[in-house]
Amino acid sequence: MKRLLPSPLLSLALLLTWLLLNQSLAAAHLLLGSVLAIIAPQLARPLQPHGHARLHRPLLLVRLLGKASLEILHSCINVSRIILLARPTGLNSQFIRIPLEMQSPHGLAVLAGIINLTPGTVWVELLPDSHELVLHVFDLHDAQWWIDTIKQEYEQPLMQIFEGSPA
C-alpha cells in the first residue's frame, strides 16, 4: 500500500483540490483526480531525498507559522515605508552571519521559506562547513537583534518541531 500511496494525505489533498477546481463530482473527474492523486506523489518522491518530515510538535508549527505571518505583514509595512519615504543614503544594507544549531533539512527548509517570504531579508547561503546562515538585511540597525530573533523565535521552535529537542 505504501508503494501505491507514499503520501496518503497529499494524495487526498490533490484529489480534493482537483474536484474543487473543477467544481464537479462527475465520474470522469473522480477518475482523473484519483489517477493524478496516485501518480503525482510517486513522481515527487525523488524530490524528497531525506524522506518525510516527522513533526514532533505540530501545534507549535501552526503557532510558528502564525507568528511568521504577522512578522511578514509587519515587514511589508516597514519596507514599504522605507522605499517610499526614506532617503537612499540612510539605508544600511549588510550581510550578517547567524550560527545555526539545527540539523534537520526540513527545519532548515522551513526557515529558508520564512526568511525568503519576509520583505527586507534574503537567504543568501547556508555555509555547511561552519553551519552558518548568511543573510542580507535591507536596512540593518542591530545585527545582534537579528541573530537573537532568528535563533530564539524561529530556530529553537523549528528544532522542537522537526528534531524533537526539548523546549
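In the chain, which longest range has no trypsin sites (Lys or Arg not before Pro) that are both DSSP loop (not H, G, I, E or B) and surrounded by at most 10 other Cβ atoms within 10 Å? Provide the component values of the computation, followed by the final result.
Values: sites that count: 2, 3.
In short, 4-167.
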For residue 87 and residue 136, extending 7 Å from Cα along the Cα-Cβ vector and measuring point to point gives, in nm, a value of 2.5 nm
Only one of the listed values, (i) 1.47; (ii) 0.95; (iii) 1.08, was derived from the coordinates as Rg/Rh (Cα atoms, Kirkwood Rh); which label is it?
(iii)
Dipole magnitude of the range 42-167 about its Cα centre (Cβ charges: Lys, Arg +1; Asp, Glu -1), debye to nearest 20:
420 debye
Residue separation between residue 40 and residue 94 times 0.36 nm, minus their alpha-carbon distance, gives in nm 15.3 nm
Rounded Å value of the spacing that divides the Cα centres of the range 1-79 and the range 84-101
34 Å
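Starting with the highest mean, order 112-118, 122-128 by the number of other Cβ atoms within 10 Å, averaged over the residues of each peptide. All intermediate terms of the calculation are to be shown ahead of the outcome.
On the way: 112-118: 15.6, 122-128: 13.1.
The densest-packed peptide leads the list: 112-118, 122-128.
Sorting check: for 8-15, 155-162, which peptide has the highest mean count of neighbouring beta carbons within 10 Å, and how do the rest follow?
Numbers: 8-15: 15.2, 155-162: 21.1.
Going from most to least packed, we get 155-162, 8-15.
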Just tell me, in residue order, which DSSP H segments of the chain are both 27 angstrom or longer along the helix axis (alpha-carbon based) and at least 0.5 in mean Kyte-Doolittle hydropathy.
58-85
Given the options 38, 72, 147, state which has the largest fluctuation in a GNM of the chain using a 10 Å cut-off (strictly under) for Cα springs.
38
State, to one decimal in nm, how far the label point of residue 76 lies from the label point of residue 53, with both points 7 Å from Cα in the Cβ direction.
2.2 nm
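All of the numbers you see were taken from the coordinates with simple rules; none came from a lab. The structure displayed is predicted, hence computed values, not measured ones. Cβ atoms come from the backbone with ideal geometry, glycine included; neighbour counts cover every protein chain shown.
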